[in-house]
Amino acid sequence: MPDGDVEAVTRAVLTASRLLVAVAARSLAGVEERVTLPQFRLLVVLSTHGDAKLVALAERLGVNPSTAMRMLDRLITAGLAERQVNPVNRRETVLSVTPAGYRLVADVTAGRRREIGAIVERLAPAQRTALVEALTAFTEAGGEASVPTDGTDAYPLGWT
């Protein structure tokens, strides 16, 4: 393939992204009765960044505070998040993930990791090496942070 064949690379990346979206959707299929994708995203952001005030959480999610509060209310009802009085400033409320919420995020992330691992195992060693090189270059070009090598996912589903 010529170096300048941007269209062929774009098609290949779009095809691969369909697979990755399908893997992500399947990883959420087991919990969709409990949470929607936007609610799960809220859990991921809270579990990644820690306790937050509503306005800060809404900003990280790119939604209005009222939208974030509606999502959070449903997560609180499901026992996956909670609101507490800020011990530093009793007029403020702090939002956090419950142990059940952390487990849900960990379970979904582990399922996604298992399925991607099974796909990668079907590649020849040379293909794995080439894929790592290509995806590293692709994510760097897109400005995406690398996943830590210690086995944890700083941003389990790509939401900063």
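Pick out which of 39, 127, 84 has the largest mean-square fluctuation in a Gaussian network model of the chain, springs linking Cα atoms closer than 10 Å.
Judging by the Gaussian network model, the answer is 127.
For segment 26-79, what is the accessible area per residue in Å², given a 1.4 Å probe and the full set of protein chains?
Value returned for segment 26-79: 54 Å² of accessible area per residue.
Can you give the extra length, in nm with one decimal, that the chain gains between residue 51 and residue 26 once fully stretched, where that is 0.36 nm per residue apart less the Cα-Cα distance?
Additional length available on full extension: 6.2 nm.
Note the angle between two axes, namely the Cα long axis of helix 125-141 and the longest principal axis of the Cα atoms of the chain, as a number of degrees from 0 to 90, rounded to the nearest 10.
With rounding to tens, the tilt is 60 degrees.
Please report, as a whole percent, how much of the solvent-accessible surface of segment 11-137 comes from carbon and sulfur atoms (probe radius 1.4 Å).
Working: 4580 of 7830 Å².
Solvent-exposed carbon and sulfur of segment 11-137 make up 58 percent of the total.
Give the Kirkwood hydrodynamic radius (Å, one decimal) of the chain, defined as one over the mean of 1/r across all pairs of different Cα atoms.
About 17.7 Å, per the Kirkwood formula over Cα pairs.
Quick one: if the Förster radius is 30 Å, what FRET efficiency do residue 10 and residue 115 give, using the C-beta to C-beta distance and rounding to 0.05? Spell out each step's value before the answer.
Numbers: r = 25 Å, r/R0 = 0.82.
E(calc), rounded to 0.05, equals 0.75.
Restricting attention to segment 47-120, which GluC sites (Glu not before Pro) occupy a DSSP loop and are surrounded by at most 13 other Cβ atoms within 10 Å?
Those that pass, being in a loop and sparsely packed, are 92.
Evaluate the distance, in nm, between pseudo-label points positioned 7 Å from the Cα of residue 124 and of residue 86 along their respective Cα→Cβ axes.
With each label placed 7 Å out from Cα toward Cβ, I get 5.8 nm.
HN-Hα J couplings of segment 49-61 from phi, Karplus 6.51/-1.76/1.60, θ = phi - 60°, integer Hz, Gly and Pro as x?
9, x, 3, 8, 7, 4, 5, 5, 5, 4, 5, 4, 7
Is it possible to state the helix-based mean residue ellipticity at 222 nm for the chain, with each DSSP H run of 4+ residues giving -39500 (n - 2.57), the sum divided by total residues, to the nearest 500 deg cm²/dmol? What is it? Before the final figure, lay out the partial values.
Details: 6 runs with 98 residues, N = 160.
Computed ellipticity for the chain at 222 nm equals -20500 deg cm²/dmol.
Hey, can you grab everything whose amide H is under 5 Å from the amide H of residue 94? Only 5+ residues off in sequence or another chain; H modelled, so Pro and N-termini drop out.
It is 84, 85, 86, by chain and number.
The values are calculated or read from the model by the stated rules, or taken from the named source; none is laboratory data. The structure presented is a predicted model; accordingly, all values stated were derived computationally and were not measured. Methodologically, a virtual Cβ is constructed for each residue, glycine included, from the backbone with ideal geometry; neighbour enumeration extends over all protein chains shown. With ligands, DNA and RNA removed, areas are computed over all heavy atoms of the protein, side chains included. Shrake-Rupley method; radii C 1.70, N 1.55, O 1.52, S 1.80 Å.
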